[in-house]
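Beneath this line is the structure, given in structure tokens, with notes to follow.
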Amino acid sequence: MLRITEIKLPIEQADTLKHQDDQIKAALLKRLEIPASDLIQFSIFKRGIDARKSYAILYVYSLDVEVKNEARVLAKFKKDAHIKPAPDTSYQFVAKTELSPKLRPIVVGFGPAGIFAALILAQSGFKPIVLERGKAVRERTQDTWGLWRKNTLNPESNVQFGEGGAGTFSDGKLYSQIKDPKHYGRKVLQELVKAGAPEEIMYVSHPHIGTFRLVGMVEEMRKTIIELGGEIHFESRVEDIEIENNAVQGVVLQTGERIATNHLVLAVGHSARDTFEMVHRKGIYVEAKPFSIGFRIEHPQSLIDKARYGKSYSEDLLTKVGAADYKLVHHAKNGRSVYSFCMCPGGTVVAAASEPNRVVTNGMSQYSRNERNANAGIVVGITPEVDFPEHPLAGMALQRQLESNAFVMGGSNYNAPAQLIGDFLANTPSTKLGDVVPSYKPNVQLTNLADALPEFAITAMREAIPEFAKQIKGFDLYDGVLTGVETRTSSPIRIKRDDETLESINTKGLYPCGEGAGYAGGILSAGVDGIKVAEAVALSIVNQGK
């Protein structure tokens, strides 16, 4: 099998998502300089978009190709970096068993990392027990709407906690910049397709699913784990980890129930602050890590589309390539980096609080991405050494402080503080909205966001937004809206683990996993980390039995 990259075809000749097979076949035969009789089959491995030239937007394909006389073709193109043998991307289980371990592995948390850790363990025959503090996804959705529509927060069932994790209420982005030499990301995508995701996620360069589809997929993956012998317990918050001689012995739930285990996967997500406090209190090694703080910014999606697609912009183009996104970064004069985070084309800004009397924002969009506004986090990087060197949990304390302040600025009712972009740049409190209607629910309270973040962050953002407007015309639109605060870009801690065994560096049998442990950032990377940790657990259990 060959991997052929950089096959480019004009987008106006394509159907909605890709060109017809005969169009791709013709380009492939021309590229390889072979007759049609020598081509056995081909499939699309990846499809990207080249929009660098505004007058000619292209689909760019990477293809897996089977041909006659493969060795001869490779020899002919041996100096061509775009024609190489295709790597084996199939998933191989590292260990399997038909015997249940004496003490079953426990997975704490059922977000992307926990789901894939549990799924791999179940597929390997190890019958994991999953403990999730929140509710099943359908009930959780009702509780989440309770905050958005009725200003009522359930601290155990919300955007952060519950089946599916924070990724369920997001854009459902399925791309990452992590190094993935073993192609675990393909396994993640394959399992998502099995669970109901559109097959296009296997080949489009920036796949996404959207919230509504994710709900049904999460339920399907839960069903698979249970059918394979796993157990999933909702509303089961872990209050304590029992440790003897620096090794895990079991967990204690909020009900007082004890479950013994010597393999504990901790995949609790980036907002499980009470769990972080408990882990630190138990003496498990925790260190502070960098994260970012900022606001959500909203523009008309049409402004972003026209700026990104330039002269090629048309309604027909949008039906093929979808709403435009962006990725921006600026290094400010005060030494801070400002960048866009979790950009949601055609989406909404959502209330993402998980603790009472605090306001947090996040972004979400559906598969169609057809809402009026585009939104993204515009955030400023902070580091432990500079900003909170005094304690491993000091970054978490800073998050809480900013979220509590935002709650008060918003009116102490879960409304969020907001300001027009033009007023923010002029340091003038906003008193009325312009043409851009903010999408945050329950509602927004117009104010001056200069009081919502540390001065260094405000200064850096005021410098960055006009610079971003040089890349995206209109980014500094006066009537655009900033909504605060965005504080949970990633976990403020890392539960450090050994590079080889993936166990905590000072607690045997504890496997920190995913975003909350500081080892992932997004659905795909969290799923990949879940697979890695599940393999480490499986190998440990098998080796114990020898």
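No value in this document is a laboratory result; all are computed from the given coordinates. Model, not experiment: these values are computed from the prediction. Ideal geometry is used to build each Cβ from the backbone, glycine not excepted, and the neighbour counts take in all protein chains shown.
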Quiz prompt | Separation of the R281 and E199 label points, Cα + 7 Å toward Cβ, nm | solution = 5.2 nm
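Work out how much length R138 to T89 would gain on full extension: take 0.36 nm times their residue separation and subtract the Cα-Cα distance, in nm to one decimal.
Working: separation 49, 0.36 × 49 = 17.64 nm, distance 3.40 nm.
Taking R138 through T89 to full extension adds about 14.2 nm, to one decimal.
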Quiz item: How many percent of the alpha carbon pairs in region 500-544 exceed a separation of 12 Å?
Solution: 59 percent
Quiz item: Do the sum for the chain: with -39,500 (n - 2.57) for every DSSP H run of n ≥ 4, divided by all residues, what is the mean residue ellipticity at 222 nm, to the nearest 500 deg cm²/dmol?
Solution: -9000 deg cm²/dmol
Quiz item: Quick one: if the Förster radius is 25 Å, what FRET efficiency do A81 and Q23 give, using the C-beta to C-beta distance and rounding to 0.05?
Solution: 0.55
Quiz item: Give me the log10 of I(q) over I(0) for region 219-330 at q = 0.11 Å⁻¹, as the Debye formula computes it from C-alpha points; what are the numbers?
Solution: -0.69
Quiz item: Given the pairs K223/K508; K25/K179; K46/K182; K173/K223, which are separated by over 19 angstrom at their Cα positions?
Solution: K223/K508; K25/K179; K173/K223
Quiz item: If amide H atoms are built 1.01 Å from N in the plane of the peptide, which residues on other chains or at least 5 residues away come under 5 Å of the amide H of I7?
Solution: Y61
Exercise. Enumerate the amide H contacts of K508 below 5 Å, restricted to partners 5 or more residues apart or on another chain; note that Pro and chain-start residues carry no placed amide H.
Key: A247, V248
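Which length gain, in nm to one decimal place, applies between K68 and Q249 when the Cα-Cα distance is subtracted from 0.36 nm times their residue separation? Write out the running numbers ahead of the final one.
Numbers: separation 181, 0.36 × 181 = 65.16 nm, distance 5.77 nm.
Contour length minus the Cα-Cα distance gives 59.4 nm.
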Self-check item: Residue order, fewest to most surrounding Cβ atoms within 10 angstrom, among I226, I382, I531
Solution: I226, I382, I531
Quiz item: Which whole-Hz ³J(HN,Hα) couplings does region 434-442 yield from phi under the Karplus relation 6.51 cos²θ - 1.76 cosθ + 1.60, θ = phi - 60°, glycine and proline marked x?
Solution: x, 6, 8, 8, x, 9, 4, 10, x
Quiz item: Lys/Arg Cβ at +1, Asp/Glu Cβ at -1, dipole of the chain taken about the Cα centre: which of I4, N262, M396 is farthest positive-ward?
Solution: I4
Self-check item: Net charge, V94 excluded, C-beta distance under 13 Å - Lys, Arg +1, Asp, Glu -1
Solution: +3
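Residues with beta-carbon under 11 Å from that of N334, excluding N334: net charge, scoring Lys, Arg +1 and Asp, Glu -1?
On the way: positive: K333, R336, R462; negative: E455, E463.
Combined, the nearby Lys, Arg, Asp and Glu give +1.
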